[in-house]
1. Inspect all residues belonging to the range B:119-133 and state whether any of them is within 13 Å of chain A (Cβ to nearest Cβ) and either part of a helix (DSSP H, G or I) or modelled with pLDDT under 95 (or both).
2. Here are some residues: A:233, A:240. Which one is closer than 26 Å to residue A:137 by Cα and at pLDDT 95 or above?
3. If residue B:94 satisfies all but one of (1) away from chain A (no Cβ under 14 Å); (2) of a type outside the set (Lys, Arg); (3) out of contact with any Pro (no Cβ under 9 Å at 6 or more places or on another chain), what's the number of the condition it fails?
4. Filter the range B:134-143 for residues that are of a type outside the set (S, T, N, Q) and facing another protein chain (nearest Cβ under 7 Å); which is nearest to residue A:81 (Cα to Cα)?
5. Going through A:197, A:193 one at a time, which residue ends up being among the β-branched types (Val, Ile, Thr), touching a His at 6+ places or on another chain (Cβ under 6 Å) and in a helix (DSSP H, G or I)?
6. Taking the residues in the range A:94-125 that are of a type in the set (Val, Ile, Thr) and closer than 19 Å to residue A:3 by Cβ as candidates, determine which candidate is nearest to the other protein chains (Cβ to nearest Cβ).
7. Are any of the residues in the range A:116-131 buried (at least 21 other Cβ atoms within 10 Å of the Cβ), in contact (Cβ under 8 Å) with a residue 24 or more places away in the chain and in contact with a His (Cβ under 6 Å, 6 or more places away or on another chain)?
Amino acid sequence: MSYEELLTELSLADERFVVMTAENRALIRNLPQLLGKRFIDTGITEQTMIGAAAGLALRNRIPVVHALASFLSMRAFEFIRTDAGIPALPVKLSAFIPGLLSDANGPTHQAIEDVSIMRGIPNMTVFAPADEDDMVKMMPAIWSSPKPAYTRINTRKTSYVHEPFTPGKAEVIEQGTDVTILTYGLLFEQALIATTILKSEGLSVGLINMRSLKPVDEQAILNAVDQSELIVTLEDHFLTGGLYTIVAEVLLKHQKTARVLPFALNEKWFKPALLPAVVEHEGFSGKQVAETILGYQTNHIQPEILKPQFAE
Amino acid sequence: MQPINKLNNMQNNIRDNKDLEAIALNVREHIIKMSTDGGCFTGASLSAVDMIVYLYAEFLNLHKDNLTDPERDYLFLSKGHDVPALYGTFAELGLIEKERLANHLSIDDHIYWHPNIHIPGIEFHSGSLGHLPSVAIGVAMDIKIRGGANKVVCIMGDGELNEGSCWEAVMVANAYKLDNLIFVIDRNKFQANMATEDLIPLEPLHNKFTAFGAAVSRIDGHDFNELRRAFEKYPFAEGKLNVVIADTIRGKGLPSIQARADRWFCNFSAGEVEQLLLELHGENTTQLTSETLVVR
């Protein structure tokens, strides 16, 4: 099932759903004719779309809004914070091409601080599915919650079949004593590859798909710290404010220390190109992550990284 | 003073302007009394009094007994800092107790410088300019989807129109043919401590809204006959956003502060409040000595 199929099914079954976009229909091409007046395209007006979504939510609608992640999270930031955050209205933000998924667009389109700024809004919840299967398993709970939500949309297909989603819970893929990789979003695919390489090099490796960044599964992080010598955070986000920071906050809160190796964008935007080259250039491929952890080169083959299906 | 239920039972009838004038005078008294011990945006509140009184007493299907009715009309105060005018009106029409206005700026209540939903009758908080036009659009869209008859009013300041989001909202309202939505501009010709035309000129404002696809009416915002004449034409044109540009006077009712750039936010002494209350009734001219708040 795709995102669009899921949203179609839910919104046809429940009149409260209103699907909105700021002139970005890539994910929802068939919904205008199916939903009629419950499909609203406000044009290139992220601010107005969010304000209107708040107004619709006041009238007991569940607005699911779509825009590119960078413009949704930043152009409309104050509207999200003020019109959805303060009154805690169930405005559901579907952020398209977040993180590295904006591949060749350039730094204007790079939403790599979105987790940081969205989780700073009281009442807001923040999610980052690992792939399409994960997303389709997560969205029903996200949309049925009474809270505002920001989701990093990820339509990439992987062969991994995820567990059912429990809000606030991470998905523990594997447990290990040497190293545990914590990740979210499209780099989950690379984390799986890194895990395989590390295991074949003889390490005991854990892997956690965080799924929900706010609320975050503190216990999953604490368990990983207790079990593993090394914690790795892998994210297509600035080093500041994302998963690395979340782990630091959780450790501080629980008065724990840990060896943590972060993979993130440290005080820089990434070099724009097609996604496979970007992942390699920034050192985020599974092989590169594994070899950085190991401290030596290996003969493992990096599986092909597929290009995204959208160019916005 | 007539009781609230009678006032609202008289909706859609031609009212005696004397009733409206009496309410507006009381609201101005409330504003003056709130303009001390911390103060409030007195000038900006006084310009909006008459339109707010007219809308609640006569135009809107909104009263203390239908505040959560999905069929009610909506009023959004986007300008925000004129909220003493709104709370004063609420007190006069029975939405809140008059005694509660004495809690202005108290930590134990929610009567602060901008509207918030802890006060009965407030539909949405404001303070950040240029937000509520789009929130009002969302409500108007839902009413259109459901085929409802509710009216949605959003009061904006003229200085607020500097914000680009206001004009986004006008374009989107035009695109969605929201003729159930009325933007009311409190055109008092000042923003903070400057004349609007000296900073970011707005005129010809009527033409701007017309060019954006709205049906526009420009009136004297202190004349109840003109307010009634404008709003009775609702909807102004089928499929068009309604815009009322209400020409007003900052500080209306108090000659000693009227149309003064420096009397926007006022924090008067107790003695000045006494004199201004007399001045409101034409019995005094106040010699103001309290400091003015100048932000630019």
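The values are calculated or read from the model by the stated rules, or taken from the named source; none is laboratory data. Predicted model, so just to flag it, every value in this text is computed and none were measured. Using ideal geometry, Cβ is built from the backbone for each residue, glycine included, and neighbour counts are taken over all protein chains shown.
1. First pass over the range B:119-133, keeping only residues within 13 Å of chain A (Cβ to nearest Cβ): B:122-133.
With the extra rule that they be either part of a helix (DSSP H, G or I) or modelled with pLDDT under 95 (or both), the set shrinks to B:132-133.
Yes, the conditions are met somewhere in the range B:119-133.
2. Result of the check over A:233, A:240: A:233.
3. If we test residue B:94 against (1) away from chain A (no Cβ under 14 Å); (2) of a type outside the set (Lys, Arg); (3) out of contact with any Pro (no Cβ under 9 Å at 6 or more places or on another chain), just (3) comes out false.
4. The qualifying residue nearest to residue A:81 (Cα to Cα) is B:135.
5. The conditions single out A:197.
6. The residue in question is A:125.
7. Checked against the condition, which is being buried (at least 21 other Cβ atoms within 10 Å of the Cβ), in contact (Cβ under 8 Å) with a residue 24 or more places away in the chain and in contact with a His (Cβ under 6 Å, 6 or more places away or on another chain), the range A:116-131 yields no hits at all.
Listed here are the residues, each with its yes/no results for (1) under 24 Å from the mean Cα position of the chain (by Cα); (2) over 20 Å from residue A:204 (Cβ atoms).
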site: A:230; (1), (2): yes, no
site: A:236; (1), (2): yes, yes
site: A:240; (1), (2): yes, yes
site: A:246; (1), (2): yes, yes
site: A:251; (1), (2): yes, yes
site: A:258; (1), (2): no, no
site: A:268; (1), (2): yes, yes
